[in-house]
């Protein structure tokens with residue numbers, strides 16, 4: 001669901017949005033919606049900001065890693081905030097903020113987590129020079 | 001250039017400590033401490049270039065972002081210091097002991113190799 005909302009922007013802001021739209025080959029509407037949506041989420045979720053990675057926008061910690069990476073680690077700790085925070089050298093409230101974000105936007109994070117689960121065959125398709133190196137993890141030499 | 005490991009941001013800094021404690025000859029650093037942690041949260045393309053300057057091989061669970069960057073670097077004729085992928089489904093990120101043992105095993109097998117532009121996936125043996 002969406003609604004049409006008319007806004008009157010200063011000339012400089014309107015031109016800045018048009019420049020972003022041209023640079024990203026998106027419509028002014030798409031860029032405007034994204035700016036508003038990201039700003040609103042940043043107000044709701046402390047510690048979260050949005051950055052571009054290879055043309056895609058991702059929720060991230062300010063000056064730290066992307067939210068999907070925090071969730072990847074948190075899943076392995078059974079979503080335990082303290083253990084995840086210790087692992088990533090983050091504060092517990094930062095990890096909690098990521099978990100809250102994930103709870104509200106799983107449809108945004110889950111596909112990224114799936115994209116990260118490539119495995120050898122798919123990774124090899126993207127990186128033909130990829131080699132497997134078999135290692136012992138049982139402590140044997 | 002022989003193997004020198006740099007652990008990515010999603011890997012606990014304890015892994016580097018435990019590997020060094022087990023074998024002080026292993027060259028391994030955590031991104032959490034490398035260059036004073038100044039590359040935490042930085043774009044991965046900048047990280048790969050900086051790591052290459054010090055002939056560091058990046059160890060990472062990030063199979064989403066890094067592969068595309070490696071392809072772009074190859075197209076631009078840029079070298080990197082090597083990348084070692086770890087799969088969360090074979091060595092879970094919270095299984096620090098398994099990763100420590102895997103990296104020690106890797107070191108024993110191939111620390112003398114030239115890791116420039118080498119791309120490998122860590123595979124736990126049976």
| Which condition breaks for residue B:32 when tested against (1) within 15 Å of the chain's Cα centre (by Cα); (2) under 23 Å from residue A:132 (Cα atoms); (3) assigned to a loop (DSSP other than H, G, I, E, B)? | (2)
| Only listed residue being in a helix (DSSP H, G or I) and either out of contact with any helix residue (DSSP H, G or I) (no Cβ under 9 Å at 6 or more places or on another chain) or farther than 30 Å from residue A:117 by Cβ (or both), chosen from A:19, A:69 | A:19
| request: Give the residue that is farthest from the other protein chains (Cβ to nearest Cβ), with candidates limited to residues of the range A:31-56 that are under 27 Å from residue B:36 (Cβ atoms) and touching a residue at least 40 places away in the same chain (Cβ under 8 Å). | output: A:46
| query | Going by the structure shown, is residue A:93 within 24 Å of the chain's Cα centre (by Cα), surrounded by 13 or more Cβ atoms within 10 Å (Cβ to Cβ) and in a helix (DSSP H, G or I)? | reply | no
| query | Here are B:124, B:67: which of them is closer than 23 Å to residue A:111 by Cβ and either surrounded by fewer than 16 Cβ atoms within 10 Å (Cβ to Cβ) or at the interface with another protein chain (Cβ under 7 Å from one of its Cβ atoms) (or both)? | reply | B:67
| Residues being under 15 Å from residue A:96 (Cα atoms) and more than 13 Å from the chain's Cα centre (by Cα) - total across the range A:33-42 | 0
| Residues (touching a helix residue (DSSP H, G or I) at 6+ places or on another chain (Cβ under 7 Å) and in a helix (DSSP H, G or I)) located in the range B:52-70 | B:66, B:67, B:69
| query | Just to be sure, is residue B:78 more than 9 Å from chain A (Cβ to nearest Cβ) and part of a loop (DSSP other than H, G, I, E, B)? | reply | yes
| request: Take the residues in the range B:92-105 that are free of Cβ contacts under 8 Å to residues at least 40 places away in the same chain and facing chain A (nearest Cβ under 7 Å), then tell me which one is nearest to residue B:25 (Cα to Cα). | output: B:105
| remark: Note: among A:85, A:74, A:59, just one is within 14 Å of another protein chain (Cβ to nearest Cβ), in contact with a helix residue (DSSP H, G or I) (Cβ under 8 Å, 6 or more places away or on another chain) and in a strand (DSSP E or B), namely A:59
| query | With (1) farther than 22 Å from residue A:121 by Cβ; (2) in a helix (DSSP H, G or I) as the list, and residue B:25 as the residue in question, which single condition is left unmet? | reply | (2)
| message | Scan the range B:105-126 and tell me whether some residue there is in a strand (DSSP E or B) and over 16 Å from residue B:3 (Cα atoms). | response | yes
| request: Could you give me the residue pairs with C-beta distances under 6 Å whose first residue belongs to the range B:107-120 and is over 10 Å from residue B:82 (Cβ atoms) and more than 7 Å from chain A (Cβ to nearest Cβ), whose second residue is modelled with pLDDT of 95 or more and crowded, with 16+ Cβ neighbours inside 10 Å wherever it lies, and which are 6+ apart or on separate chains? | output: B:107/B:26
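The values are calculated or read from the model by the stated rules, or taken from the named source; none is laboratory data. This is a predicted model, so every value here is computed, not measured. For neighbour counting, all protein chains shown are included, and Cβ atoms are generated from backbone atoms with ideal geometry for every residue, glycine included.
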